[in-house]
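The values are calculated or read from the model by the stated rules, or taken from the named source; none is laboratory data. None of these values were measured; they are calculated from a predicted model. Here the Cβ positions follow ideal geometry from the backbone for every residue, glycine too, while neighbour counts run over all protein chains shown. Side chains included, ligands, DNA and RNA excluded: accessible areas come from the protein's heavy atoms. Shrake-Rupley method; radii C 1.70, N 1.55, O 1.52, S 1.80 Å.
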Amino acid sequence: MELAYYSDYAVRLVNTEEPARNKDVLTSVEAVRDLFGANRQAARRATDADVTRFRSVRARLRAVFEAADTGDETLAVDLLNSLLLEFPVSPQISGHDTRDADGKPDWHMHLADHPSNATAGYAAIAAMGLAFHLTSYGVDRLGLCEAAPCRNAYLDTSTNRSRRYCSDRCATRANVAAYRARKRLETERAADTGRSAETAQPSTARAER
């Protein structure tokens with residue numbers, strides 16, 4: 001499992017809440033366990049007490065994305081460092097049972113967490129993954145969706161740093177809204193031009209008399 005994979009842990013947790021829509025799916029221990037994905041062993045450690053703890057970590061991770069989105073790199077790094085200090089991990093080389101084409105172990109970096117509870121384990125992995133992404137690609141690669149009122153978090157992996165939305169759906173919705181706004185503006189300008197022309201006609205007629 002590559003370190004870049006772990007950054008998705010942070011995105012998944014942050015996006016369990018949509019503050020502008022007053023939506024929050026992190027309301028049960030089952031929702032907490034779902035965040036672990038295929039890591040069912042870690043998920044089984046979750047208890048009802050982790051719901052509140054996960055929400056606290058979520059708020060701190062969202063603050064990192066918000067700082068990055070406003071261009072405050074120092075604040076984003078400081079907030080992330082505080083999470084790294086509170087929830088440490090131990091990087092290890094792992095091969096598991098996978099083999100490459102030559103039959104040798106497929107060695108890769110793995111984050112071994114030693115949590116006192118499910119929240120600590122998840123937070124450690126999420127923070128380390130996000131830190132890896134930030135230092136590898138830049139703070140400006142952490143973003144919040146521009147399609148209001150969404151504001152979901154995303155990680156920009158585009159080649160030209162052009163991503164602005166969390167999904168194709170939000171990108172389409174924003175483009176449609178922008179197109180409609182342009183059409184309204186064109187219609188209003190045309191109407192204003194028509195009214196101006198109508199106003200000018202009587203004046204011209206009087207001048208000719």
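Here are a few things to note about the model shown:
- For the range 9-156: rounded, prolate or oblate by the Cα gyration tensor [a/c cutoff 1.5]: oblate
- Residues in the range 139-179 that a label on Glu188 would reach, taking backbone N under 12 Å of a point 7 Å out along Cα→Cβ: none
- 1.4 Å probe accessible area per residue over the chain, in Å²: 60 Å²
- Measuring nothing but protein heavy atoms, the accessible surface of the chain at 1.4 Å probe radius is 50 percent carbon and sulfur.
- Residues Val176 and Thr74, FRET efficiency given R0 of 30 Å [Cβ-Cβ distance, rounded to 0.05]: 0.25
- Loop sites in the range 1-91: GluC sites (Glu not before Pro), DSSP, at most 12 other Cβ within 10 Å: Glu2
- Model label points for Asp24 and Asp102, set 7 angstrom from Cα along the Cα-to-Cβ axis, are 5.3 nm apart.
- Cysteines, the chain, no other Cys beta-carbon under 4.7 Å: Cys170
- Burial order of peptide ranges 123-133, 5-15 (average beta-carbon count within 10 Å, highest first): 123-133, 5-15
- Ranking Leu13, Thr27, Ala42 by Cα position along the charge dipole of the range 1-47, where only Lys, Arg, Asp and Glu carry charges on their C-beta atoms, puts Ala42 farthest toward the positive end.
- Short-range pairs are left out: with C-alpha atoms under 8 Å and at least six residues apart, the relative contact order of the chain is 23 percent.
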